[in-house]
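The values are calculated or read from the model by the stated rules, or taken from the named source; none is laboratory data. Keep in mind it's a predicted model, so treat the numbers as computed, not measured. With ideal geometry, Cβ positions are generated from the backbone for all residues, glycine too; neighbour counts draw on all protein chains shown. These area figures cover heavy atoms from the full protein model, side chains too; ligands, DNA and RNA do not enter into them. Shrake-Rupley method; radii C 1.70, N 1.55, O 1.52, S 1.80 Å.
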Amino acid sequence: MKKLILICLSVISFACNDRGRNSTTSEVADRDTISSKTQPPGNIQEERDAVQTEKEEPRIPVALDGRYRKIEEESAATTCNCNCIEINFEQATEWCIDKDKIYITARTQKTGENSADVYFQAVAREMAPDRKMPWQDFDTDTPVAKLTFTPNGGAELDWLGFSTNGEISTDYALFGKKTLEGTYKKE
């Protein structure tokens, strides 16, 4: 009978130890499952934390006013005779339409954070032009060009042409296109 009691106690003791091991293994597995459900594996959680804690740098407003020089491969001119534009949102400036022949006064108006329209105001200087222009007929409230400012501090100028009664004056549309259209770098 002693043997039987000893065997029973051994079985009970072994069963208790085995159940303890299973419950410990089970608890660890449960914790791992819960942990894996709440946190992604590997470095993903660290990346998420980094993204959540990074703060966006404040945007520094860039002054768009100023002189811009046209980027031209064939010319490394040091003067601004017809290869520069002056952008001023407060007052009209002089723009070269045809080198040493035609200059206009134009005003620049912002249309967005990185864009502006250019409006013809009047003829500034006209010296022996190839063709007489009907300056008084051209609109002053329709853009003659569009400017798009680039992140690197430059500007892209798209020449639209002079308009009469809201319509492009096809006979005079190319005046200014060859001279002004292109990419500019701020000086």
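Just to check your reading of the model, which residue among 132, 110, 146 is open to solvent by 60 Å² or more (accessible area, probe 1.4 Å) and either modelled with pLDDT under 95 or not in a strand (DSSP E or B) (or both)? Give the steps one after another, and end with the answer.
Numbers: 110 fails: either modelled with pLDDT under 95 or not in a strand (DSSP E or B) (or both); 146 fails: either modelled with pLDDT under 95 or not in a strand (DSSP E or B) (or both).
The match here is 132.
Which residues, counting only those in region 122-161, are under 16 Å from residue 173 (Cα atoms) and of a type in the set (S, T, N, Q)?
136, 140, 142 - these are the residues of region 122-161 that are under 16 Å from residue 173 (Cα atoms) and of a type in the set (S, T, N, Q).
Out of (1) surrounded by fewer than 17 Cβ atoms within 10 Å (Cβ to Cβ); (2) over 27 Å from the mean Cα position of the chain (by Cα); (3) at pLDDT below 95, the odd one out for residue 169 is which?
If we test residue 169 against (1) surrounded by fewer than 17 Cβ atoms within 10 Å (Cβ to Cβ); (2) over 27 Å from the mean Cα position of the chain (by Cα); (3) at pLDDT below 95, just (1) comes out false.
Considering only region 113-129, state which residues are surrounded by 12 or more Cβ atoms within 10 Å (Cβ to Cβ) and over 14 Å from residue 156 (Cα atoms).
Going residue by residue through region 113-129, those that are surrounded by 12 or more Cβ atoms within 10 Å (Cβ to Cβ) are 114-126, 129.
119, 120, 121, 122, 123, 124, 125, 126, 129 - these are the residues of region 113-129 that are surrounded by 12 or more Cβ atoms within 10 Å (Cβ to Cβ) and over 14 Å from residue 156 (Cα atoms).
Condition first: assigned to a strand (DSSP E or B) and either of a type in the set (A, V, I, L, M, F, W, C) or out of contact with any strand residue (DSSP E or B) (no Cβ under 8 Å at 6 or more places or on another chain) (or both). Now tell me which residues in region 149-178 satisfy that. Even if it seems obvious, please write down each step before you answer.
So in region 149-178, the residues assigned to a strand (DSSP E or B) come out as 149, 154-159, 163-164, 167-168.
Once the filter is applied, which keeps residues that are assigned to a strand (DSSP E or B) and either of a type in the set (A, V, I, L, M, F, W, C) or out of contact with any strand residue (DSSP E or B) (no Cβ under 8 Å at 6 or more places or on another chain) (or both), region 149-178 yields 149, 155, 157, 159, 164, 167, 168.
Exactly one condition in (1) out of contact with any Gly (no Cβ under 7 Å at 6 or more places or on another chain); (2) open to solvent by less than 60 Å² (accessible area, probe 1.4 Å); (3) β-branched (Val, Ile, Thr) is false for residue 97; which is it?
In the conditions (1) out of contact with any Gly (no Cβ under 7 Å at 6 or more places or on another chain); (2) open to solvent by less than 60 Å² (accessible area, probe 1.4 Å); (3) β-branched (Val, Ile, Thr), residue 97 misses (1) alone.
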